[in-house]
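Derivation of every value follows stated rules applied to the coordinates shown; laboratory data play no part. For clarity, every value in this text was computed on a predicted model and none was experimentally measured. Please note: Cβ atoms are built from the backbone with ideal geometry, for glycine as well, and neighbour counts cover all protein chains shown.
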Amino acid sequence: MTTLHELAQRLMTLDDRITDCMKCGMCQAVCPMYGATGMEADVARGKLALIDNLAHEMLKNPAAVADKLGRCLLCGSCQAACPPGVKILEVFMEAREIVNEFLGLHPVKKMIFRTLLPHPELFNFAMRVGAPMQGLVFRKSGDAQGTVCAPFLNFMLGDRHIHPLAKTPIHARYGALDEPRRAGGLKVAFFPGCVGDKMYTDMTEACLKVLRHHGVAVFMPAGLTCCGIPALSSGDVTGMLGQLQANVRALKGGDFDYLLSPCGSCTATIKEYWPRYAHRMGTGEEGFVKKMADMAMDINAFLVDVLKVTAAQPRADAVSVTYHDSCHLKKSLGVASQPRTVINANPAYKLTEMAEADRCCGCGGSFNLFHYDHSRKIGQRKRDNVVASGAKIVAAGCPACMMQLEDVLSHNNDAVRVKHTVELYAESLN
């Protein structure tokens with residue numbers, strides 16, 4: 001646990017990083033949490049003011065500080081809108097780490113982040129055991145979305161409508177996948193992410209279908225695990241580093257040109273956070289992690305920018321699709337036009353833009369677990385924009401956003417299906 005002296009030293013470095021904040025309030029207009037609560041303390045400006053006085057507040061009421069810092073989706077909207085360019089997400093991550101070290105990690109989080117996720121064989125076994133038993137706990141809740149719920153567990157889970165676990169996860173279907181290159185062709189490492197491996201397996205299969213159609217060989221080794229963003233967002237750098245080390249071990253044996261993921265959050269974590277924290281593993285593998293970060297790419301961007309997939313002329317009977325810009329995909333990676341091109345590459349669909357397409361859907365990873373009421377309220381605004389578009393399908397480039405969209409649409413009994421962009425494109429291929 002961090003001593004008071006160490007705490008003071010680290011807080012001083014945070015103070016130096018927030019001096020550029022002009023208190024202009026630009027973050028207020030784009031903050032989804034402020035839109036839901038109307039509270040100044042929920043805006044980045046308010047949290048930066050808290051951090052500026054963090055040493056005093058920590059000694060007075062550390063639990064309250066942890067709660068205030070936790071009331072943030074880490075969507076990056078504030079950082080993208082900040083005129084002086086304050087690295088708000090980095091500051092918030094660092095502050096959460098300091099608070100976590102001061103208070104100590106909750107035993108449940110410690111078990112998940114430090115025992116389960118860094119050991120993929122244990123994590124995979126737990127999920128494989130849980131999948132056949134979910135019928136005993138969950139019941140069907142949404143026809144269009146295919147979601148399930150567990151009313152008698154609402155006290156613990158909230159009234160969530162969630163996507164069920166796949167009967168057979170991707171890692172069990174393929175094992176260690178290492179396809180040979182076609183003559184002169186590309187080869188990619190494919191990082192499905194936890195949700196792509198264990199829940200949205202149709203999405204992952206669609207990605208593999210598209211890559212094979214374009215003659216791209218796939219390396220998907222056994223031993224891949226969580227990218228580490230849930231642990232890092234919770235302030236547990238130790239857990240995140242354990243997960244990073246597991247992924248390094250899995251990827252080190254491969255020969256590939258790109259590292260692709262269908263998850264905007266995973267891709268952003270690999271590109272931005274893996275190299276930033278790699279030196280703290282103490283294994284001397286910073287060079288390899290930097291190489292992986294440079295090779296990391298969102299699959300939509302790969303299809304359009306590398307494989308040159310282009311839009312097609314929609315058919316007269318084309319189905320209307322609207323698109324939600326996932327926060328990490330657009331605001332962190334700058335990927336916005338490519339997913340739209342991927343949707344339009346299938347002539348059976350036509351893109352219909354919704355209002356506020358790039359406004360956060362309210363998931364925020366662990367934010368959704370600990371602040372579900374606020375998450376649901378933010379998600380309702382996104383749901384209203386989806387429905388107002390008149391589209392039959394809403395597409396996204398992040399499985400976490402897909403989970404949130406399914407939840408809010410299912411609660412409203414909306415007959416709008418949720419799909420990954422690549423799923424729609426894959427339908428047009430033989």
Using the Karplus curve 6.51 cos²θ - 1.76 cosθ + 1.60 with θ = phi - 60°, what ³J(HN,Hα) values do you get for each residue of region 105-114, in whole Hz, with x for Gly and Pro? 7, 4, x, 5, 5, 4, 5, 6, 6, 10
Apply the Karplus curve 6.51 cos²θ - 1.76 cosθ + 1.60, θ = phi - 60°, to the phi angles in region 199-214 and return the couplings in whole Hz, x for Gly and Pro. 10, 8, 6, 4, 4, 5, 4, 5, 4, 5, 4, 5, 5, 5, 4, 8
Under 5 Å, built H, 5+ apart or other chain: amide partners of Tyr349: Arg315, Val319
Restricting to Cα pairs below 8 Å that are 6+ residues apart, what does the relative contact order work out to for region 163-305? Please round to a whole percent. 25 percent
Two-decimal log10 I(q)/I(0) for region 59-157, as the Debye equation yields it once each C-alpha is a single scatterer, q = 0.15 Å⁻¹: -0.97
Give, rounded to the nearest 20 debye, the magnitude of the charge dipole that region 183-341 has about its Cα centre when Lys and Arg contribute +1 at Cβ and Asp and Glu contribute -1 at Cβ. 120 debye
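Ranked from highest to lowest mean number of other Cβ atoms within 10 Å per residue, what is the order of the peptides 265-272, 85-92?
On the way: 265-272: 25.9, 85-92: 18.8.
Ranked by mean Cβ neighbours within 10 Å, highest first: 265-272, 85-92.
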Against the longest principal axis of the chain, how steep is helix 399-411, in degrees 0 to 90 to the nearest 10, with axes from Cα atoms? 90 degrees
Order by protection proxy (mean Cβ within 10 Å, highest first), peptides 416-428, 242-254, 120-132: 416-428, 242-254, 120-132
In Å, descending, principal axis extents of the Cα set of region 291-418: 45, 42, 18
Report, in whole Å, the centroid distance computed from the Cα atoms of region 111-146 and region 173-233. 20 Å
Residue by residue through region 233-242, the couplings from Karplus 6.51 cos²θ - 1.76 cosθ + 1.60 with θ = phi - 60°, in Hz, x for Gly and Pro, are 5, 8, x, 9, 5, 4, x, 4, 5, x
Report relative contact order for the chain in percent, whole number only (criteria: Cα-Cα under 8 Å, sequence separation at least 6). 16 percent
Around Met220, which amide H atoms from residues at least 5 apart in sequence, or from another chain, sit under 5 Å from its own amide H, with H modelled in the peptide plane? Leu177, Asp178, Glu179, Phe190
Relative contact order in percent for region 4-103 (Cα pairs under 8 Å, 6+ apart) equals 36 percent
If the reach is capped at under 19 angstrom between alpha carbons, list the lysines near Lys198, excluding any in the same chain fewer than eight residues apart. Lys140, Lys167, Lys209, Lys419
For the chain, whose charge dipole is built from +1 on Lys and Arg Cβ atoms and -1 on Asp and Glu Cβ atoms, the candidate among Leu405, Pro32, Val137 with its Cα farthest towards the positive end is Val137
Using a 10 Å cut-off on Cβ atoms, rank the peptides 319-328, 339-348, 95-104, 285-294 from the highest mean neighbour count down. 319-328, 339-348, 95-104, 285-294
Given (i) 145; (ii) 182; (iii) 162 as possible values of volume of the Cα convex hull per residue in Å³, the one from the coordinates is (i)
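Determine Rg/Rh for region 112-192; Rg is computed over alpha-carbon atoms and Rh is the Kirkwood hydrodynamic estimate from the same atoms.
Radius of gyration over Kirkwood radius for region 112-192 works out to 1.11.
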